[in-house]
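Down below is the structure, laid out as structure tokens.
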Amino acid sequence: MATLSGRTRFRYSLGSFVTGSFGTVPGLVLVKYLTDTMAVPAGWAAAIVFVPKAWDFFFNPIAGRMSDADLIKTGSRRRFLLVGGIGVAILFAAMFAHPGFGSPLPDALYVAVMFALCATAYALFQVPFNALPAELTESATERTKLTSVRIGVLAVTILICGGGAPAITAGIDGVAGYRVMAVVIGLIVLAATLLVYFGLKGAPVGSLRPNTVNLKELVRTLAGWRPFRWLLGTYFIQALGIGTVLAAIPFFAQRILGSEGYGTILFVIFVGPALVTMPLWPRLGDRVGKLNGFRLATAAFAIGLLGLVFAQSIPLVVSFVFVALCGVGYAGISVFPLAILPDLITAEEERTGETRAGIAAGVWTAGETLGLAFGGGLWALILAFGGYVSSTDATTAQPHSAIVAILVGASIIPGVLIALALPLLRRKVLEPREPQEPRHEPA
């Protein structure tokens, strides 16, 4: 099997600047933008964060089917990468443009519409992006290398965009800060899209298999594809926990640690260890197995989150240690699902003789999108349950119930969600079995 060049691996991985930016920044700042800049009640914010991405849950499989069909027709998925990435860049900047209609309701509806359109464009990019590893190479070793580089670039993206976005909004007061932030992120997304599109021109494509005939057959195939459903269930639950954590960070920094400026510090402490340990997790997986590595990463992330419930009574540096442990665990739970997924796709394509990468990537992206959306929506509901008071300047005093909700919602709730994935990591489902020798009956 052909070995992928380091240049191809790197150029493909630049797409993580698109997926990492959109996957991180809205979850990190959107709820706070709505509640503390536009005075949108927390209950409304929950719907605004959730509904547009819930739409993507239904659209992503459609995007996967469209991407599969385009692959058969043109021999490449690059066209979808280009259209989707450019759309994300423009619509992301528009989402935070804040035209100012004069009251929270029309302003909130504007954000909801822009967010829905941006999420749709994101699906057009991410679905083919997730499908490509199974097609660029048929070697499991090469796919693992490709995934490792991709996750490394993703960590850098989260560090730059996840740390930079709150820094911009904290450094420039009010709506102007969000506008500047959105333009900066949009330009990063646009540059990454163009680099991936032109960088993958002429990249290898695996053998093209006939596309699945209709949606009914797709549903039937997925219903019978137990390992994929099992892995997706794990990923969905953990995406729900991650989405809650992302939305909680600015509130946790300001209301629990005492300064909104700690938001950027928390992100650096979180992503720094993740960046360092991401190359180490695949090596550990080689030694102890991917599933055992996945379990260890899950436990580390959950323990780190649960430890933060004591943030008000322990030294700040100890809280930072728990955050760093979360980062180590996050690196692992990012690496292992994406390392297992291409193997499952290849096995299913070999079994059926048909293209599965696009639809699998579409359903996978739908699960991730819905999990992150539920996480952001769950966080807004936690704020509403705690009686959080929305405002236009983020300085309004909060009741004790809101502080307790922020503390529990940023630690115990996502920690339990991350840990709930452990029972799903079952070896007999997710690890391929060795073929058995045929039995011969005695004459």
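Please enumerate the residues belonging to the stretch 46-75 that are of a type in the set (S, T, N, Q), over 19 Å from the mean Cα position of the chain (by Cα) and open to solvent by less than 30 Å² (accessible area, probe 1.4 Å). Of everything in the stretch 46-75, just one residue is of a type in the set (S, T, N, Q), over 19 Å from the mean Cα position of the chain (by Cα) and open to solvent by less than 30 Å² (accessible area, probe 1.4 Å), namely S67. Listed by first and then second residue, the pairs linking a residue in the stretch 247-266 that is under 13 Å from G163 (Cα atoms) and open to solvent by less than 40 Å² (accessible area, probe 1.4 Å) to a residue that is of a type in the set (D, E) and at pLDDT 85 or above, with Cβ atoms under 9 Å apart and 6 or more places separating them unless they lie on different chains, are P250/D36. Checking each residue in the stretch 299-318 for being out of contact with any Phe, Trp or Tyr (no Cβ under 8 Å at 6 or more places or on another chain) and either surrounded by 24 or more Cβ atoms within 10 Å (Cβ to Cβ) or small (G, A, S) (or both) picks out A299, A300, A302, S313. Pull up the stretch 168-219, narrow it to residues that are modelled with pLDDT under 70 and of a type in the set (S, T, N, Q), then point me to the one that is least open to solvent (accessible area, probe 1.4 Å). Among them, the one singled out is T212.
Only a single criterion out of (1) buried (at least 24 other Cβ atoms within 10 Å of the Cβ); (2) at pLDDT below 80 is not satisfied by L136, namely (1).
One residue stands out in the stretch 1-40 among those that are open to solvent by less than 10 Å² (accessible area, probe 1.4 Å) and aromatic (F, W, Y): the one that is nearest to G186 (Cα to Cα), namely F22.
Being among the small types (G, A, S) and surrounded by 18 or more Cβ atoms within 10 Å (Cβ to Cβ) is true for just one of G43, G85. Which residue is that?
Numbers: G43 fails: surrounded by 18 or more Cβ atoms within 10 Å (Cβ to Cβ).
Residue meeting the stated conditions: G85.
Out of all the residues in the stretch 380-420, which are assigned to a helix (DSSP H, G or I) and either modelled with pLDDT under 90 or in contact with a strand residue (DSSP E or B) (Cβ under 9 Å, 6 or more places away or on another chain) (or both)? Of everything in the stretch 380-420, just one residue is assigned to a helix (DSSP H, G or I) and either modelled with pLDDT under 90 or in contact with a strand residue (DSSP E or B) (Cβ under 9 Å, 6 or more places away or on another chain) (or both), namely A380. With respect to being open to solvent by 20 Å² or more (accessible area, probe 1.4 Å) and at pLDDT 90 or above, L222 falls outside the description.
Considering each residue of the stretch 59-69 in turn, none proves to be free of Cβ contacts under 8 Å to residues at least 24 places away in the same chain and not hydrophobic (A, V, I, L, M, F, W, C).
Of the residues making up the stretch 116-128, at least one is surrounded by fewer than 24 Cβ atoms within 10 Å (Cβ to Cβ) and over 30 Å from M278 (Cα atoms).
The values are calculated or read from the model by the stated rules, or taken from the named source; none is laboratory data. Worth saying up front: this structure is predicted, and the values here are computed from it rather than measured. Cβ coordinates were reconstructed from backbone atoms using ideal geometry, including for glycine residues, and neighbour counts include every protein chain displayed. For accessibility, only protein heavy atoms count, side chains too; no ligands or nucleic acids. Shrake-Rupley method; radii C 1.70, N 1.55, O 1.52, S 1.80 Å.
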